[in-house]
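A quick write-up on the structure given underneath.
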């Protein structure tokens, strides 16, 4: 399987970096992914730490009690992380969150 190294998808998963390379040719938010490390992307410490806290928050999610998880606050933080990631990577990558491209205006 080939992954698109020009795109990044922000998506939570237990114990992950929260950042993924999507399958080549897939639509935003669709298809298999390959995890990207914070180190490989050269994320600054402050951004890597925010992603780590976001994933730790997700690690606390209990599937048997979905109503007990603050989904809206969690998704808002994911959107902010995707925006900060897009600002950091600039034109090097297209960033996606929640099935949409993240657009950063200069």
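Quick check on the range 27-51: of everything there that is surrounded by 14 or more Cβ atoms within 10 Å (Cβ to Cβ) and out of contact with any strand residue (DSSP E or B) (no Cβ under 8 Å at 6 or more places or on another chain), which residue is nearest to residue 3 (Cα to Cα)?
In this case the residue turns out to be 43.
Regarding residue 82, is this residue in contact (Cβ under 8 Å) with a residue 24 or more places away in the chain, surrounded by 17 or more Cβ atoms within 10 Å (Cβ to Cβ) and touching a strand residue (DSSP E or B) at 6+ places or on another chain (Cβ under 7 Å)? Give the derivation first.
Details: in contact (Cβ under 8 Å) with a residue 24 or more places away in the chain: yes; surrounded by 17 or more Cβ atoms within 10 Å (Cβ to Cβ): yes; touching a strand residue (DSSP E or B) at 6+ places or on another chain (Cβ under 7 Å): yes.
Against the criterion (in contact (Cβ under 8 Å) with a residue 24 or more places away in the chain, surrounded by 17 or more Cβ atoms within 10 Å (Cβ to Cβ) and touching a strand residue (DSSP E or B) at 6+ places or on another chain (Cβ under 7 Å)), residue 82 qualifies.
Kindly indicate whether residue 90 is at positive phi, loosely packed, with under 13 Cβ neighbours inside 10 Å, under 14 Å from the mean Cα position of the chain (by Cα) and at pLDDT 90 or above.
No.
From the list 77, 72, which residue is at pLDDT 90 or above, out of contact with any strand residue (DSSP E or B) (no Cβ under 9 Å at 6 or more places or on another chain) and surrounded by 13 or more Cβ atoms within 10 Å (Cβ to Cβ)?
The unique qualifying residue is 77.
Taking the range 81-106 as the search range and keeping residues that are assigned to a helix (DSSP H, G or I) and touching a helix residue (DSSP H, G or I) at 6+ places or on another chain (Cβ under 8 Å), which one is nearest to residue 12 (Cα to Cα)?
Taking the candidates together, the pick is 81.
Just checking: which of the strands (runs of 3 or more DSSP E) contained wholly in the range 1-73 hold 1 or more residues that are touching a residue at least 60 places away in the same chain (Cβ under 8 Å) and either out of contact with any helix residue (DSSP H, G or I) (no Cβ under 6 Å at 6 or more places or on another chain) or within 14 Å of residue 85 (Cβ to Cβ) (or both)?
Because the criterion is at least 1 residues that are touching a residue at least 60 places away in the same chain (Cβ under 8 Å) and either out of contact with any helix residue (DSSP H, G or I) (no Cβ under 6 Å at 6 or more places or on another chain) or within 14 Å of residue 85 (Cβ to Cβ) (or both), the strands (runs of 3 or more DSSP E) in the range 1-73 that meet it are 7-10, 19-22.
The values are calculated or read from the model by the stated rules, or taken from the named source; none is laboratory data. All figures in this text were calculated on a predicted structure; none of them were measured in a lab. Neighbour counts run over all protein chains shown; Cβ positions are idealised from the backbone, glycine included.
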